[in-house]
């Protein structure tokens, strides 16, 4: 694998040299990144790197790369375009743009389209590295930033945040692996990051014990996730002090014995629901602490940081998320925390509707389809599909599909599988690339997580054919 990592760094060096040449010639840049946590942290890395070089650039956050976005780029006054966490699945769409502008793609998704010399592309799949597990879009952007100037190593924690936001810690001990581990090494060796094995509880730095436990969605804990009162009752039954005076305690203040008591109680609770206690053991893993961030703030724990950025991106506050990644704190951080609270309320509302409204959930072969066309925001399909697919109680043996209607009367689909399905040969990114194109839409992503957008009139037949294709992959 060391040769693969070296090859990826070589790609990054070539891209960096191109960017340096364009900056030296006075080129104006447009930087386009995806609107999730990975894409926005990539935007932060690239923006800070270009700013330090004195480059002139415009940042644009995209929900998807489509013909409209490419036309905008074609008409822009920028002579250079950088795409991060987006682009590799749409090479054919970018062909004409590359005839008139310098195009640099820094992506980690599966590649689709005819490769051509006029695009500079940095992508782990070109080096035999799995971009769905070993490096994120932010990680690829960091590799280029480091090649631009080694001083940009101070941006390595942002790449860690991006990788965790992209769920690349689905490994033993919830540890980032592959090329990601080299980025973690950069951050730890430079005193920017600390790793330890501990309970992975959302808000471990910032929230009262019962609130932090109730906000933990990965893994989803039936009867506890989203249930503050139940979490408070569980903790109270353990005779663990949950307050110091008038102040609520946080998880980082607990002793090891107290943490063991809580974990044992969670295991007992899970088994009482008829689930394997091993589900709760997924709460034990590697914690990534950003040492240059203030204690008791949501940007100190890398997973909480990623959740904050993702919430702002999904709730139409992308500029706020970018500002956080660029180093803004104070009132900006306070505003972002409010957006996160709104995001959680919205997510809880959607989950309630899914569980209670007849006809929303459809099981078709190996698929579980959540039809959110009439109530779900198109920005929230990814968050909902990820949460439902991580729940042991919600169709654990099926591919999860969550749909929503876009403003253009198209249907957006977020699709999730699990590692066992991928081991059997399922490749969601490839399936959605091929199928969406056949139905006049766009699609792509990773083997285990992908998305597509098609016209609403084609949804039924699209789903039926996808069901057939997925079943064939899993039955091989």
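The values are calculated or read from the model by the stated rules, or taken from the named source; none is laboratory data. Quick caveat, the model's predicted, so the values are computed rather than measured. Positions of Cβ are backbone-derived with ideal geometry, glycine not excepted, and every protein chain shown enters the neighbour counts.
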(1) without any contact (Cβ under 8 Å) to a residue 24 or more places away in the chain; (2) farther than 21 Å from residue 297 by Cα; (3) under 30 Å from the mean Cα position of the chain (by Cα) all hold for residue 253 apart from (2)
If we keep only residues of the range 35-54 that are closer than 22 Å to residue 133 by Cα and in contact with a strand residue (DSSP E or B) (Cβ under 6 Å, 6 or more places away or on another chain), then the residue surrounded by the fewest Cβ atoms within 10 Å (Cβ to Cβ) is 35
Scanning the range 228-250 for residues that are closer than 14 Å to residue 216 by Cβ and in contact (Cβ under 8 Å) with a residue 24 or more places away in the chain, the one nearest to the chain's Cα centre (by Cα) turns out to be 250
Restricted to the range 197-209 and to residues being free of Cβ contacts under 8 Å to residues at least 60 places away in the same chain and surrounded by fewer than 22 Cβ atoms within 10 Å (Cβ to Cβ), the residue nearest to the chain's Cα centre (by Cα) is 207
Taking the range 427-458 and keeping residues within 18 Å of residue 406 (Cα to Cα), part of a strand (DSSP E or B) and in contact with a helix residue (DSSP H, G or I) (Cβ under 6 Å, 6 or more places away or on another chain) leaves 442, 443, 444, 450, 452, 454
Filtering the range 12-26 down to residues that are over 13 Å from residue 142 (Cβ atoms) and crowded, with 18+ Cβ neighbours inside 10 Å yields 19, 22, 23
Wholly inside the range 197-313, helices (runs of 4 or more DSSP H) that include 1 or more residues that are in contact with a strand residue (DSSP E or B) (Cβ under 9 Å, 6 or more places away or on another chain) and within 30 Å of residue 379 (Cβ to Cβ) are 209-214
Residue pairs qualifying under the 9 Å Cβ cut-off, at least six apart or on distinct chains, with the first in the range 263-279 being at negative phi and the second being exposed (fewer than 12 other Cβ atoms within 10 Å of the Cβ) and at pLDDT below 85, are 270/276
Residues of the range 347-392 being crowded, with 17+ Cβ neighbours inside 10 Å, out of contact with any helix residue (DSSP H, G or I) (no Cβ under 9 Å at 6 or more places or on another chain) and in a loop (DSSP other than H, G, I, E, B), in sequence order, are 390, 391
Scanning the range 176-196 residue by residue, those buried (at least 16 other Cβ atoms within 10 Å of the Cβ) and either assigned to a loop (DSSP other than H, G, I, E, B) or within 16 Å of the chain's Cα centre (by Cα) (or both) turn out to be 176, 177, 178, 180, 192
In the range 18-33, anything in contact (Cβ under 8 Å) with a residue 60 or more places away in the chain and either out of contact with any strand residue (DSSP E or B) (no Cβ under 6 Å at 6 or more places or on another chain) or not assigned by TED's automatic domain parsing to the domain that holds residue 165 (or both) is listed as 19, 20
**Filter result for residue 162 (in a helix (DSSP H, G or I), more than 21 Å from residue 3 (Cα to Cα) and either touching a helix residue (DSSP H, G or I) at 6+ places or on another chain (Cβ under 8 Å) or without any contact (Cβ under 8 Å) to a residue 40 or more places away in the chain (or both))** = yes
Review point. On the given criteria, is residue 331 assigned by TED's automatic domain parsing to the domain that holds residue 426 and farther than 20 Å from residue 217 by Cα?
Key: no
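Matching residues to (1) in contact with a helix residue (DSSP H, G or I) (Cβ under 7 Å, 6 or more places away or on another chain); (2) under 17 Å from residue 47 (Cβ atoms); (3) touching a residue at least 60 places away in the same chain (Cβ under 8 Å):
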site	(1), (2), (3)
146	yes, yes, yes
155	yes, yes, yes
173	no, no, yes
179	yes, no, yes
182	yes, no, yes
